[in-house]
Amino acid sequence: MTVIADQPTEPGPRPPAGSAVAAARPAPGPAADEGLARRLKALACTAPLHDLDNRKVMLAGEYGGYAMAEVGLAAIDLVTLAMDFDTGADRDTVLARLQPRVAAQAPGRPTTEHQRVGRWVLDSLINVGSVDRGFRAVYGTFDAEGAYVRRDYDFKLIEEVPGPDGGVYLRTTDEAVNVLVGALDTDVTSAQIAAEVKLEVLIRRGRLADAQLAAEQARYRTVQYAETLRRALEATRRNVRAVDWMRAIPDLIDEALDHIADRYRHENAILTNIRKARDEAEEPEHKRRAAELVDIVKDCIRRHTQLQTRLLEAGPLFRAEQDRQAFAAPGARSGIDLYGQLLAPVLRLPIEQAVRPTGAFFARGTGLRTPVSVRVADLVDLLLTPPVEREHLGAELPDPDLVATPDDSRFTEEQLEAALVLLDLPPDAPRRLSGLLAEARDQDADLPYLVALLAVHAASPPVGTAYRQGEERLLFAVDDGTPLHDREFGGADLIVGSALLDAVGMAADRKDAG
Amino acid sequence: MTTHHDTSWAPETEPAAPAPITPADVADAARLVSFGLQAKLLPARDAEYAELVRRHREDPPFARLADAVATGMGLVVLEVSPRAGMAVAAAEDSLFAVRMGDYSRRAASESTDRFLHGLAHLAVAAMAFPRPEDLADDGYLGRITVNGIDSFVRQACRRLEEQAAADGDNTDPQSDAPGLEAAWRVWARRTATGATKDARRLSGSTIGIVAKAVLFLVDSGFLQKVSDDAGGTYRTTARYQLQVRDLAGTAAMAELLDLGVVPVSDGTASLLPPDTGDDLVADAGLPFHSL
């Protein structure tokens, strides 16, 4: 929704200068009055955020420790960044990403409370309780006759839109983006170029903190840019005949593609610059910021690519629609133009008048319903029929017939035990496989096979598994080139040993990596 | 109430031996009307219905009798044909008429909701028959989606908003005169959809309102579901075209004329007036036409 009062009005039918009404008027002119109205509306957009902190005392429980406005802004932030070309942000994803911030504000509180706070803030920003799911602020202006008029300003911060899969997704409105970054209702193109030039300069000077801020702002603009474009494309998709197919649209798409190519080049240049900054940076803080910047710019590039894909798809889509509609045979008679003669004029009417034609259409256009008539005899039967018992548990499952599988193991449990004892080597004294085999052969004729198998297995020790499971020791085998002389086995005389693993260190590593 | 069927047949030139009307004829005529009341039933699916429709077309006295039965019950006969069956509509204040208060409890008390529900029905019709020819062409089958209708109305609202902004009008309604708020704003400010606890459609949202209208029209035998795509995809039936063309459209138009709004049409579609000039979407960054 654009702020309507932004448009300058013609002075038009103003009272003659020097009249009593004009003299009593406090505002110097309509322009100043509109400026005030604009600022009042901007102020109103922030009200729901302030309201969050005011209303938290009304929640049942101890919620004083949460900075609700901060959570609210973070939520708007997350929705804006997660907004895609086709759909909005997924509600659960937004709530999940909001979680760490909420949890950090009150670390001692249970997770369920954190989740509740996240949901409450998001619902409040959507304003779930109201039927419009929006906000309304009242502001005053002077009309053309100089009379003071109170007006309602309706706006939304986060709106719910249908997704292609039938789900409900979130999108931030223009008002919300304005609240978030401020002064964004400028020309998107020029604003973006400015941000990028600024970014480049900042990176060259090594001021990464500022550069990151600029990059984030650039990304908001990219999102906003994609959003406006999405709307325009969606509209053109629905409305083929309104589009000048001969000249305008092909030109426009070409222009848009040039535009994106240009931006793409620019951002790739920035990316190269930051990568260099990241790799050369000595200070860990600088390194981290540079790495974050790389991610942001990468995301910008991704979004441009997405935009480009949509632009390329637009052409064939228009052609297909054109064909479909051009070959439809024109009708012989002429009917009512439902849109031009009914819908459009109705939408222009004030609501109290518009109800009449829509009511007439409803009364005549909904069809008929046959009234239900009940005989008393049927009613008695109906009322006395016992309710059908619901099957809650479903059909009974048949007991499965289990067949005992024959034990066809090559080795017994005792043999495995013996082999493991044999291979339980002290970490400082590895042994040759030949020695182990000889020892095994003394105990059991079959045991050498198992020992050999385990030793070969240890030649490629499962290091990854041991690391993940935090094991303290690991059996390994190494081939140093010595051939194995044995009457049953051939190959290399492996050195078999135990390696001690740093379980504590590994656990710490795992935590870092996670 | 008379219909064109009463007058369409030629006056009887042979006064001799008009077949007397028997109670069986009346029963058949009433039977035909009762078939007509089952809006989803088609003559193609029921041999008896098809036979009665054939008799209505070939036997003028029987046709007059059936029409008289319908009129007496408070019904308007729109057409009797093999494709639509006996298409009857409820006359004003008829026992069969649908009342807004029964349709939606909220709409009974809230005038904005009454408007939204009515507009949803109008929008369904406008999307189903986008061009005047579509409404006139008996062979035309309209195809609509629930989400499509909502975005269609929103687009129309956005257009009006842009127009108002371009004219420098302040469309924010006065707080003490909510009835003067422009109708398009009511739809635009209502949420399109919303998450609910039980994963159903939010009934007060515009998509919920459109979905209700569409489901109701399915029950009336006016729409048939095609798929679940885009919130539900439906196609129109012959009955819907008749109802909109012969009754609803003219009734709404009469109200508009009564309000002093005289929409003029030259018979061509005005749904998509060509954009000429420099009406580009503000701040779009790209010179796309605003639609």
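Below, the figures for the structure above:
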quantity: Residue among B:Glu79, B:Glu133 that alone is modelled with pLDDT of 85 or more and surrounded by fewer than 23 Cβ atoms within 10 Å (Cβ to Cβ); calculated: B:Glu79
quantity: Within region A:106-160, tally of residues that are in a strand (DSSP E or B), of a type in the set (D, E, K, R) and in contact with a Phe, Trp or Tyr (Cβ under 8 Å, 6 or more places away or on another chain); calculated: 5
quantity: Residues within region B:156-169 that are more than 14 Å from A:Arg348 (Cβ to Cβ), in contact with a Ser or Thr (Cβ under 8 Å, 6 or more places away or on another chain) and not in a loop (DSSP other than H, G, I, E, B), tallied; calculated: 1
quantity: Residues being more than 9 Å from chain A (Cβ to nearest Cβ) and at pLDDT below 85 - total across region B:204-228; calculated: 2
quantity: Check on B:Arg185, more than 8 Å from every other protein chain (Cβ to nearest Cβ), over 18 Å from the mean Cα position of the chain (by Cα) and within 26 Å of A:Ser130 (Cα to Cα); calculated: no
quantity: Condition broken by A:Met506, with the remaining ones in (1) surrounded by 13 or more Cβ atoms within 10 Å (Cβ to Cβ); (2) modelled with pLDDT of 75 or more; (3) among the hydrophobic types (A, V, I, L, M, F, W, C) satisfied; calculated: (2)
quantity: Qualifying positions in region B:94-139 - more than 18 Å from B:Met253 (Cβ to Cβ), within 7 Å of another protein chain (Cβ to nearest Cβ) and more than 15 Å from the chain's Cα centre (by Cα); calculated: B:Leu95, B:Phe96, B:Ser111, B:Thr112, B:Arg114, B:Asp137
quantity: Some residue of region B:195-203 being at the interface with another protein chain (Cβ under 7 Å from one of its Cβ atoms), surrounded by fewer than 22 Cβ atoms within 10 Å (Cβ to Cβ), not aliphatic (A, V, I, L, M) and not in a helix (DSSP H, G or I); calculated: no
quantity: Selection count, region A:89-119, where residues are under 30 Å from B:Gly204 (Cα atoms), surrounded by fewer than 14 Cβ atoms within 10 Å (Cβ to Cβ) and away from chain B (no Cβ under 14 Å); calculated: 2
quantity: Checklist (1) more than 30 Å from A:Gly108 (Cα to Cα); (2) modelled with pLDDT of 80 or more; (3) part of a loop (DSSP other than H, G, I, E, B) applied to A:Gly65, failing item; calculated: (1)
quantity: Residue match in region A:448-468 (condition: at pLDDT 85 or above, in contact with a Pro (Cβ under 8 Å, 6 or more places away or on another chain) and either not small (Gly, Ala, Ser) or not in a strand (DSSP E or B) (or both)); calculated: no
quantity: Checking A:Leu122 against (1) under 30 Å from B:Asp113 (Cα atoms); (2) touching a residue at least 40 places away in the same chain (Cβ under 8 Å); (3) surrounded by fewer than 18 Cβ atoms within 10 Å (Cβ to Cβ), the condition it does not meet; calculated: (3)
quantity: Of all residues making up region B:170-182, the number that are touching a Ser or Thr at 6+ places or on another chain (Cβ under 9 Å) and within 7 Å of chain A (Cβ to nearest Cβ); calculated: 5
quantity: Number of the exception - B:Ile144 against (1) in a helix (DSSP H, G or I); (2) modelled with pLDDT of 80 or more; (3) under 18 Å from B:Gly208 (Cα atoms); (4) more than 7 Å from every other protein chain (Cβ to nearest Cβ); calculated: (1)
quantity: Qualifying residue in region A:362-370 (condition: at pLDDT below 70 and of a type in the set (Gly, Ala, Ser)); calculated: no
quantity: Options A:Leu271, A:Leu293, A:Leu257; residue that is under 18 Å from A:Thr309 (Cα atoms), modelled with pLDDT of 70 or more and under 27 Å from the mean Cα position of the chain (by Cα); calculated: A:Leu257
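This table checks each residue for (1) modelled with pLDDT under 80; (2) closer than 30 Å to A:Leu122 by Cβ; (3) within 14 Å of another protein chain (Cβ to nearest Cβ).
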{"position": "A:Glu10", "(1), (2), (3)": "yes, no, yes"}
{"position": "A:Ala20", "(1), (2), (3)": "yes, no, no"}
{"position": "A:Pro28", "(1), (2), (3)": "yes, no, no"}
{"position": "A:Glu34", "(1), (2), (3)": "yes, no, yes"}
{"position": "A:Leu49", "(1), (2), (3)": "no, yes, no"}
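Each row is one residue, and each column tells you yes or no for (1) touching a residue at least 40 places away in the same chain (Cβ under 8 Å); (2) surrounded by 14 or more Cβ atoms within 10 Å (Cβ to Cβ); (3) part of a loop (DSSP other than H, G, I, E, B).
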position: B:Val214; (1), (2), (3): yes, yes, no
position: B:Leu217; (1), (2), (3): yes, yes, no
position: B:Tyr234; (1), (2), (3): yes, yes, no
position: B:Tyr240; (1), (2), (3): yes, yes, no
position: B:Gly249; (1), (2), (3): yes, yes, no
position: B:Met253; (1), (2), (3): no, yes, no
position: B:Val261; (1), (2), (3): no, yes, yes
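The values are calculated or read from the model by the stated rules, or taken from the named source; none is laboratory data. None of these values were measured; they are calculated from a predicted model. We place every Cβ from the backbone using ideal geometry, glycine too, and count neighbours over all the protein chains shown.
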